[in-house]
Amino acid sequence: MDQVTGQQTGQIAAAIAAATGSIGYVRQTGQNTHHRYAYASDEDLARAVNPALVAHGLAIAPINMTHAREGKSVIVTVTWEIRHSSGESMRMMTIGEDADRGDGKAVYKCMTGARKYLLRLLFCIATGDDAEQHTPAPPAPRLPEPVIPEGQTAQEVLYRMARESAGNDTDRLAKSIDYIDGLTDAQARATLARKQQGTT
C-alpha cells in the first residue's frame, strides 16, 4: 500500500521514474550454496540504488515496524517513508518473513527482506529471482527405441498387444483399435516404447 502526502506529487513521481531508469537491471551475486541458486542480495540492491537516490534527491526511512509470530515463522511489517528534496513524500508498506531458528536474527532478516522488496517494487527492479516464478519441471527421460519384429510396424505390434489384453472384451478391443488407428507412426512408436517399458 502507499500514501502520498502533500498537495503536489509530480516532483517525487518524476524523481522515482528517473531513478528507476538509472538503476536498471541488478545482477545477482548472492549464492545459496545449500539449494544451489543465485539471488540479488541486499548489498546488490543497495549498490545499485544508493547512487540513484543521491542523484535524484530521494531518501528512504522506516517510520513504523510491527512483528508477529505464526508457528515457527516471524513476520515483520515495515512502513517506509520515501522523501524528496522538494518536500513531497509518500509511504509504502512491505512485509518480510523468515523462520525462527532460535539465533535471535529472524527479525533482522525480516527487516532486510522487507527493505529488499520495497526497493524492488518502488523502482521496478528486475533481478531474475522472482519469488513467484515456478521451477521448471525436469525434462522427461528419453525412451529407448521400441522393439519391433522385422517386417512389422509399431501399429501392428500394438494391435496384437491390444487383442491379447482385451481377451473376450470386444468393446475394449474396439476402443483400443480406434485409438491405435488415430496414431501417427511416431506416436505409435512412442506408445509402444512406453508399453514395453511398463510406463503406460
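Every read-out reported here was derived from the displayed coordinates using simple, explicitly stated rules and does not represent laboratory data. This one's a predicted model, so the numbers in the text were calculated from it and none came from an experiment. With ideal geometry, Cβ positions are generated from the backbone for all residues, glycine too; neighbour counts draw on all protein chains shown.
Some values worked out for this structure:
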item	result
Simple label model, 7 Å out from Cα along Cβ direction - GLU156 to ALA55, nm	7.3 nm
For peptides 180-186, 52-58, sequence by mean Cβ density within 10 Å, most packed first	52-58, 180-186
³J(HN,Hα) computed for each position of region 17-24 - Karplus, 6.51 cos²θ - 1.76 cosθ + 1.60, integer Hz, glycine/proline x	4, 5, 5, 4, x, 7, 6, x
Built amide H within the under 5 Å cut-off of MET93, gap 5+	TRP80
Under-5 Å amide H pairs with ALA126, H placed in peptide plane, nonlocal only	VAL26
Ranking of CYS124, CYS110 by count of other Cβ atoms within 10 Å, fewest first	CYS124, CYS110
Amide H contacts of ASP100 (H built 1.01 Å from N, under 5 Å, at least 5 apart or other chain)	SER73, VAL74
Cα-based shape type of region 154-197, given that a ≥ b ≥ c are square roots of the gyration tensor eigenvalues and the cut on a/c is 1.5	oblate
HN-Hα J in Hz across region 145-155 - Karplus 6.51, -1.76, 1.60, θ = phi - 60°, x for Gly and Pro	5, x, 8, 10, x, 4, x, 10, 10, 4, 4
Proximal lysines to LYS195, defined as alpha-carbon separation beneath 22 angstrom and excluding residues fewer than eight positions away on the same chain	LYS175
